[in-house]
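Single-structure report; data block below.
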Amino acid sequence: MKSQHTLTDTYTRITNFVIEQLERGQIIWRQGWNTLGLPKNIVSGRTYKGWNCFLLNFVTKFYQYKIPYFLTYKQALDMGGTIRRGQKGYNVVWWASVDRKEDAVEGAEPTNRVLYRVPKIHTVFNIEQTHGIEFPKTEELFRSHRAKIAACENIITGMPNTPKIMHGGDDAFYEPTKDYIQIPVVEQFVSDEYYYETLFHELAHSTGHSSRLNRKELVESDGFGKELYSKEELTAELTAAFLCAISGIEQQTISNSAAYIQSWLAVLKNDKRLILKAATQAQAASDYILNTSKEEQRLPVTEEITA
């Protein structure tokens, strides 16, 4: 019961934080991205994944940190420094493998035991919150507009098993039964960035097709405004945001309308697991589009947990 309580508490804490920010008009997954790239751990050099990436990017922008690099209290001590007095850390989620012995097959070897992924909390600090540590100098990487658009094109052409992309008309959508994307020609958009962000969103939906990641929320969609549809939309939004960050383009469709915020507040209040699950699925969708190998992903593709 204790582990189940901890599991539920983790989901509740993360969801309540997102709800709190939405009620303040802050949409965590619709923030701009630092010119130095995605948030990463300064010690390991690894980029944060899934929910952690969105959270720490939000923290960087909200608190106006210049550099999106973080570390734990222990890592700061190991580097010969410390966290400055009075500084508050930020909770990130890491996925621990738990051996549930009651589910294991009797007499099975340890390698055959049933393992579950459960979310647990770590606290990290931005490097500007530290004292007594000399960090390597960083250089901002500015890309030209042409370079950003080339990066977008490379993402699209590099996606394996790409759905057919058809240009024309006034609507953008993914048709799962025939596995194609319909999108207006680029000239109809207010900017190139708007075009690619929209296309990234529809490509995200396409990763849910049975021939790709076979995502339940897409394959068994229950129609506009309903539960599975809403979950799929959040996954697509997070995926598009992540791909915008990778390619270096600014998101053009940021909406802080009361109706938009209220719609997500209602969904999140009804499902405490939604934001973490959607972020995990968005990471998997992004990895698929980017043709990232499982060895490079460093995150579970699915949440092997008990409700």
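The values are calculated or read from the model by the stated rules, or taken from the named source; none is laboratory data. What you see is a predicted model; the values in this text were computed from it and never measured. Using ideal geometry, Cβ is built from the backbone for each residue, glycine included, and neighbour counts are taken over all protein chains shown.
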Restricting the range 173-204 to residues that are in contact with a Cys (Cβ under 9 Å, 6 or more places away or on another chain) and touching a residue at least 40 places away in the same chain (Cβ under 8 Å), the one surrounded by the fewest Cβ atoms within 10 Å (Cβ to Cβ) turns out to be Asp192
Would you please list the contacts, defined by Cβ atoms under 7 Å and residues six or more apart or on different chains, that run from a residue in the range 220-234 that is under 16 Å from His209 (Cβ atoms) and hydroxyl-bearing (Ser, Thr, Tyr) to a residue that is modelled with pLDDT of 85 or more and outside any loop (DSSP other than H, G, I, E, B)? Ser221/Leu228; Ser221/Tyr229; Ser221/Glu232
Testing Ala266 on (1) among the hydrophobic types (A, V, I, L, M, F, W, C); (2) assigned to a helix (DSSP H, G or I); (3) in contact with a helix residue (DSSP H, G or I) (Cβ under 6 Å, 6 or more places away or on another chain), one condition comes back false. Which one is that? (3)
Residue ID - nearest to His205 (Cα to Cα), chosen from residues in the range 148-172 that are in contact (Cβ under 8 Å) with a residue 60 or more places away in the chain and of a type in the set (Gly, Ala, Ser): Gly158
Where a residue in the range 80-95 is within 15 Å of Thr60 (Cβ to Cβ) and its partner, wherever it lies, is of a type in the set (Ser, Thr, Tyr) and part of a loop (DSSP other than H, G, I, E, B), with Cβ under 9 Å and at least six apart: Val92/Tyr48
